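None of the figures in this text is laboratory data; all of them are computed from the coordinates on show. Only a predicted model underlies this, so the values are computations on that prediction, with no experimental measurement involved. When we count neighbours, we look across all protein chains shown, and the Cβ atoms used for this are built from the backbone with ideal geometry, even at glycine.
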Amino acid sequence: MEDWAEIRRLHRAEGMPVRAIARKLRVGRNTVRRALAAEGPPRYVRPLKGSVADAAEPRIRELLAQWPDMPATVIAERIGWSRSLTVLKVRVRELRPLFAPPDPASRTEYLPGELAQCDLWFPPADVPLGSGQLGRPPVLVMVAGYSRVMTARMIPSRQSADLLAGHWALISGLGAVPRALVWDNESAVGQWRGGRPVLTEAMNAFRGMLGITVIQCRPRDPEAKGLVERANGYLETSFLPGRGFAGPADFNAQLADWLTRANTRQHRALGCRPADRWDADKAAMPGLPPVAPVTGWRLSTRLPRDHYVRVDSNDCSVEPSVIGRTVEVTAGLDEVTVTCQGRQVARHPRCWAAHQSITDPGHAAAAAQLRQARRLITARPADTAVEQRVLSDYDRILGTGGQGAA
C-alpha cells in the first residue's frame, strides 16, 4: 500500500516518468504501470475455494423450488447430509431468496404525542420488603413512541388499584398525557373477549378522566409493543447488573437516577437522544386533567371491635374511638390513610410485605385505656339494697312449723 501511494505521488506531483520511478523505488516498470492504472488502492482478495455444499446444491434447489419454506434441518434429512449442518444452513440461506418471495417489514413511525407503550417488568432480583420478607414486585414501564423517553416505577402489586396508581404517578411526573396507552392482555387492564378487547371498569374510569384511548394488543403479539419490550431488556441488561437494593424506595430512587441518564444517551434508531425529542413530544400531548383520577385502594367499611382495617393482605390499626362507625380507607403507593367524617383517624406507611399487622402505638394505648375503663364499669358493686328473708318465713309457708328441727 505504501509503495502504491508513493508511486502515484511521484508520478502526479513530481512528474517523474515510469522508468525513473522504477529505478528510485527499486520495483519493476510493470508494477509502476499497474499502480498508475489502478482505480483504487490495492487489496488482498483470497481466491475462492469450493465448498462441500457445492455437490448438494442442485438437490437443494429442487427442494426449495417445490417447498421454499422447508427448514434446513429437513433439507439435510432429505438429501442425506452427513457433514457440518452450519455449512448447509449457510448455503440454504443464500439460495432461499431465489425461490421465496421477499417479505419486507414496514417501518413503524410515531407522531409526537401519539402514544406510549406500557408493560410490567419483573426484575430478577430479590428486594427486601420488610418484616424479613424478600420479593420481586413488578415495575411499571412506559415508553413514549415519538421520543422514546422511558419512565418506570416499582409498584407493590399488579392489581388494578396499584397499577393505576403507578400509571398516574408516571403520567403526572411527565406533566402531560399521551393520547393513547398501548397494553397487552394484562388482567387489570382488560381482556380480549369475543374477538374484541374489553377494558375493566377501573381502566375505563381512568382513561375517561384523562380523555385518552387504551389500545389492547391481540394475544400473543409481542411485536405490537416492541418499544417497551426492548426497554425491559435494556433495564435488565444495563440497569440491574451489579446493584443491590435496601427496599422498594431505594430501588425507585436508583431507577429514577438511572433513567435520567439513560434518556440522554444516543438512541441508535433515532440518531439522537430521546431527551432531544421530548419537547416536541410533550407539546403535542394534552395537559394533565384539572381533577386527578381516583386511583389506589378505596373502600368504606364499618370499623370492627378489633379496630383494624385490611388493605391488600395487611391489617392496619385505627383509632378505637370510632369503633362501630363508618370509616373511609385510602391507600396509595406510599401511604395508607383512614378518615371518619372527614377527620383522619389513622395514617400508616404502605407496607409491601404480605400478611402483616401494622399497629400505631397510640392506637394500642388508647385501646388499652378503653378496655380498662370498661372493666371498671362492669366490676363496680350495685348501690341498691337487697332485702333478706328470715328463714322462719319458709317454715310458716310450707307448714312445717319447725317440727323437722325436733
(request) Taking a cut-off of 27 Å between Cα atoms, list the lysines near LYS225, but don't count ones fewer than 8 places away on the same chain. (result) LYS282
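Rounded to the nearest 500, what is the chain's calculated 222 nm mean residue ellipticity when only DSSP H runs of at least 4 contribute -39500 (n - 2.57) each, over all residues?
Details: 13 runs with 142 residues, N = 406.
Mean residue ellipticity, 222 nm, calculated: -10500 deg cm²/dmol.
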(request) Measure nothing fancy, just the Cα-based angle from helix 248-262's long axis to the longest principal axis of the chain, in degrees from 0 to 90, nearest 10. (result) 30
(message) On C-alpha positions alone, give me the angle between the axis of helix 201-210 and the longest principal axis of the chain, in degrees, nearest 10.
(response) 70
(request) Quick one: work out the % antiparallel among DSSP beta bridges in the chain, nearest 5. (result) 85
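Could you size up the charge dipole of segment 225-274 around its Cα centre, putting +1 on the beta carbon of Lys and Arg and -1 on that of Asp and Glu, and report it in debye to the nearest 20? Walk me through the intermediate numbers first.
Numbers: 7 positive and 4 negative charges, 58 e Å.
The dipole magnitude comes to about 280 debye.
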(message) Using the basic label-point model (7 angstrom from Cα toward the beta carbon), what is the ILE215 to VAL87 distance in nanometres?
(response) 4.8
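Sort 294-304, 318-328 for me by packing, meaning the mean count of neighbouring Cβ atoms within 10 Å per residue, highest on top.
Averaged packing, sorted descending, gives the order 318-328, 294-304.
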(message) Using the crude model of +1 on Lys and Arg Cβ and -1 on Asp and Glu Cβ, and no other charge, please compute the dipole size for the chain relative to its Cα centre, in debye to 20.
(response) 2480
(request) Using a Gaussian network model of the chain whose springs link C-alpha atoms within less than 10 Å, name the residue from ALA246, ALA373, ALA202 with the highest mean-square fluctuation. (result) ALA373
(message) Through the Karplus equation 6.51 cos²θ - 1.76 cosθ + 1.60, θ set to phi - 60°, convert the phi angles of segment 89-101 into ³J(HN,Hα) values in whole Hz; use x for Gly and Pro.
(response) 4, 4, 5, 4, 4, 6, 8, 4, x, 6, 10, 9, x
(request) Mind listing the long-range amide H neighbours of VAL182? Cut-off is under 5 Å, sequence gap 5 or more, other chains count too, H placed in the peptide plane at 1.01 Å from N. (result) ALA116, GLN117, CYS118, ILE215
(request) Run the dipole for segment 57-98 about the Cα centre, Lys and Arg Cβ at +1, Asp and Glu Cβ at -1, nothing else charged, and hand back the magnitude in debye, nearest 20. (result) 120
(request) Along Cα→Cβ, 7 Å out, is where each label goes; now give me the distance between the ones at GLU328 and GLU14 in nm to one decimal. (result) 9.5
(request) Could you please state, rounded to a whole Å, how far the C-alpha centre of segment 89-145 is from the C-alpha centre of segment 303-368? (result) 41
(request) Would you give the gap between the C-alpha center of segment 210-254 and the C-alpha center of segment 46-74, rounded to a whole Å? (result) 43
(request) Putting +1 on Lys and Arg Cβ atoms and -1 on Asp and Glu Cβ atoms, find which of LEU25, SER84, ALA56 reaches farthest to the positive end of the dipole of the chain. (result) LEU25
(message) Through the Karplus equation 6.51 cos²θ - 1.76 cosθ + 1.60, θ set to phi - 60°, convert the phi angles of segment 169-177 into ³J(HN,Hα) values in whole Hz; use x for Gly and Pro.
(response) 5, 5, 5, 5, x, 6, x, 7, 10
(message) I want to verify a result. In a Gaussian network model of the chain, Cα cutoff 10 Å, which of these has the top mean-square fluctuation: ASP119, ASP312, ASP395?
(response) ASP395
(message) Which one, GLU201, GLU14, GLU109, has the greatest fluctuation when you compute a Gaussian network model over the chain with C-alpha springs under 10 angstrom?
(response) GLU14
(request) For segment 321-370, build the charge dipole from Cβ charges (+1 Lys, Arg; -1 Asp, Glu) around the Cα centre, then report which of HIS355, THR337, ALA366 sits farthest towards its positive end. (result) ALA366
(request) May I ask for the angle, rounded to the nearest 10°, between helix 274-283 and the longest principal axis of the chain, with both axes built from Cα atoms and the value confined to 0 to 90°? (result) 60
(message) At 7 Å along Cα-to-Cβ for each site, give me the label-to-label distance between ALA249 and ALA65 in nm.
(response) 7.4
(request) Using only Cα positions of the chain, each an equal point scatterer, no hydration layer, compute I(q)/I(0) via Debye at q = 0.12, 0.13, 0.14 Å⁻¹ and quote the log10 values to two decimals. (result) -1.07, -1.14, -1.21
